[in-house]
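Inspection log for the structure reproduced underneath, given as structure tokens.
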Amino acid sequence: MASLRTHALLGFAMWLFFVGFLWVQGTAELEPLARLAVPSFFVILIGTLLPDADTPKSQIGRVLEISVAFGALAFGFTTFFRGLETLQQDAVYAIITAVAIFVLFILVRPRHRGVTHSFKMALAYGVAVFVWAFLSMGLNTGMYFGVLALGSVVSHLVLDG
């Protein structure tokens, strides 16, 4: 199993290759290159780390767990805080809701090397990124980004063997 550093370094190498590809394709002007290079960096970085989000032993898994906990707490408080007259009751409902959401997240989290370590996940991420890029930047850019997203998750799978 490759480390977080190894996955991130491979993602960085993929990103450098992509930027070089754009340069060779004639997108040498700084503004269009930066417009594609910056979001592509994050698409690749997320793709190379995303498959390990299914385990709390990974750094991204811990970040996801903490994010879900804070998000659930925020959802609980924004849902149940209605007024100052029943502050204690609202706080109890909010905390119960947050705990229930977090426990549900823990229960439905896929097993490690399950669905997140599959070609289906790579394809789903590639399609999601393609749709986002297509809607915001056009068909050609959407195809570039979709292939980058797919390739970044596949690179993780290859490194993990």
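The values are calculated or read from the model by the stated rules, or taken from the named source; none is laboratory data. Keep in mind it's a predicted model, so treat the numbers as computed, not measured. Methodologically, a virtual Cβ is constructed for each residue, glycine included, from the backbone with ideal geometry; neighbour enumeration extends over all protein chains shown.
Taking the conditions (1) of a type in the set (G, A, S); (2) surrounded by 13 or more Cβ atoms within 10 Å (Cβ to Cβ); (3) at pLDDT below 70 in turn, G83 satisfies each one other than (2). Considered as a group, the residues in segment 50-65 that are among the aliphatic types (A, V, I, L, M) and touching a Ser or Thr at 6+ places or on another chain (Cβ under 8 Å) include one that is modelled with the lowest pLDDT, and that residue is A53. The residue pairs whose first member lies in segment 134-161 and is within 14 Å of F18 (Cβ to Cβ) and without any contact (Cβ under 8 Å) to a residue 60 or more places away in the chain, whose second member is surrounded by 21 or more Cβ atoms within 10 Å (Cβ to Cβ) and polar (S, T, N, Q), and whose beta carbons are closer than 9 Å, counting only pairs six or more residues apart or on different chains, do not exist in this structure.
Applying the set (1) modelled with pLDDT under 70; (2) closer than 30 Å to M143 by Cβ; (3) of a type in the set (G, A, S) to G76 leaves exactly one unmet item: (2).
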